[in-house]
Structures are given as C-alpha cells and as structure tokens.
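The values are calculated or read from the model by the stated rules, or taken from the named source; none is laboratory data. Everything quoted here is computed from the prediction, not taken from an experiment. Counting neighbours? That spans all protein chains shown, and the Cβs are built from the backbone with ideal geometry, glycine included.
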C-alpha cells in the first residue's frame, strides 16, 4: 500500500493505467529535480493515485503538464505560486518537489524560507508579492476581493491571472488527493509541515 491505496507496480498495470503511467514517467517531469518513481518504477506523490482511475487521472496529469510546461507564466512566478499552495495546504509532497524546482527557477534559500513562513524576503518584486497574495486568497478564501483583483490585473495581466487561477486549483486538487490517500513522501524524506492547515 502507498498510504491508503495500492502502490502500482509498472509490471501489473492495465493498458489504461499503463498509458497514463507512460505519459507521466516518460514526459518532461521525468527529467526534473525530484524523484518521480521509486527504485521499482512505482510513481511517487500524487501520480500514483492518478492510476486508480485513469480516465480522470490521464486528463488531470495532462492539465498539470500544461500548467508546468505550456503557460506563459515565468518559471519563477509559477514556482512561487505552487509553493504558496503547498504552504496553505501544508502539503509535504508539493513542498518537497517544488522547493527543488523553485531552486532551479532561481529562488534563493532566503526566498524559500520566506515562502515557507509566509513572510517577505525583501527580494520579491511587486508582481511576485501580488501573485503570492492571489494564490493565498484563491486557496484559503476561494476567490479574490475587488481590490486584490484590480491589483492582480494591473500587476500580472488577465492572461497570467487566469493561469494562476487554474494553477491554484490544480495544485489544490493534488493536495486534497495527497491528504485523502495519506500519500507518504519518498523514502528518507522528512515531513515539512505539521498537518494542521492554516
């Protein structure tokens, strides 16, 4: 078991599961800075659960790939936003994975520490401070008030704001899956958060 659900071995997948597995394991995520599979080839994190219902898991993973690789969001903005969702939802795996991706996108240790604690490192510019506020509001309050919406439109633009709304919803969905199925971190990785959401 992988938390509450089976940990699917690639040797025993149905054809539908195998198609989703191959999209994940051989796609651009496979070259990233965090461990996507264990030594036996089983998917880590939220990706294992996607094999449980491949008719939904397949489209969901494709949405995630689009958010990571097909938006116009600068990589640094994208990773700040994902880490804000991870902090808001106390999602250990999301932090584990995207802290590493964030470093590759140029986030400093001071900035990562500020994101984790909810403080300002002093090096975030106005668009970055705005997108942090947007992501927190989307996850914790399920929308934006008029002032924050106006600030976001001015600092980020409507297209980037739409991409952030979809990003927050996607990573919130992953956090919900990880929590529901009690998906563990990869072996040897320590927990990041206590489990009480803010």
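Could you tell me whether any residue of segment 79-86 is touching a strand residue (DSSP E or B) at 6+ places or on another chain (Cβ under 8 Å), more than 19 Å from residue 191 (Cβ to Cβ) and surrounded by 17 or more Cβ atoms within 10 Å (Cβ to Cβ)?
From segment 79-86, those touching a strand residue (DSSP E or B) at 6+ places or on another chain (Cβ under 8 Å) are none; that's our starting set.
The answer is no; no qualifying residue exists.
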Among (1) assigned to a loop (DSSP other than H, G, I, E, B); (2) within 20 Å of residue 133 (Cβ to Cβ); (3) modelled with pLDDT of 95 or more - the single one residue 113 does not satisfy: (1)
message: Take the residues in segment 105-138 that are under 12 Å from residue 81 (Cα atoms) and free of Cβ contacts under 8 Å to residues at least 12 places away in the same chain; name whichever of them is surrounded by the fewest Cβ atoms within 10 Å (Cβ to Cβ).
response: 129
message: Please determine whether any residue of segment 116-128 is closer than 30 Å to residue 57 by Cα, part of a helix (DSSP H, G or I) and under 17 Å from the mean Cα position of the chain (by Cα).
response: yes
message: Restricting to segment 155-198, count the residues that are exposed (fewer than 13 other Cβ atoms within 10 Å of the Cβ), free of Cβ contacts under 8 Å to residues at least 12 places away in the same chain and at positive phi.
response: 1
message: Can you tell me which condition residue 81 does not meet? The list is (1) assigned to a helix (DSSP H, G or I); (2) more than 21 Å from residue 32 (Cα to Cα), and all the others hold.
response: (2)
field: Residue match in segment 25-34 (condition: part of a loop (DSSP other than H, G, I, E, B), in contact with a strand residue (DSSP E or B) (Cβ under 8 Å, 6 or more places away or on another chain) and without any contact (Cβ under 8 Å) to a residue 24 or more places away in the chain)
entry: no
